[in-house]
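Read the figures in this text as sums done on the coordinates, not as results from a lab. If you're wondering where the values come from, they're calculated on a predicted model, not measured in any experiment.
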Amino acid sequence: MLGNLKNPPEPFGDIIRTHFRLKARFLKVQLDDWLNKDDGKSTQSDGAYNSGVGGGSGNGFQKDVDELKAILTQLETGTS
């Protein structure tokens, strides 16, 4: 999700941003749920956007969630 929001494939950028803006509230709740279930254990990199980088958990998920939630909030409020 994070990669598609930060660097959406064109010509689908507007469609992707609109989709995430409309789903932002639900996605934030889902992200919190997933974060609560995260065991913090490192995972083998699968080429994901920030796999294995920083954050509160050992696998970088906290950092990705924080960044994604910030972008979702920007989309909801229309700020950049």
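Observations, loosely collected:
- Straight-line cross-link reach from LYS63 at under 14 Å between alpha-carbon atoms covers these aspartates and glutamates, not counting any fewer than eight positions away in the same chain: ASP32, ASP38.
- Spatially proximal lysines relative to LYS23 (Cα-Cα < 19 Å; intrachain offsets below 8 disregarded): LYS6, LYS69
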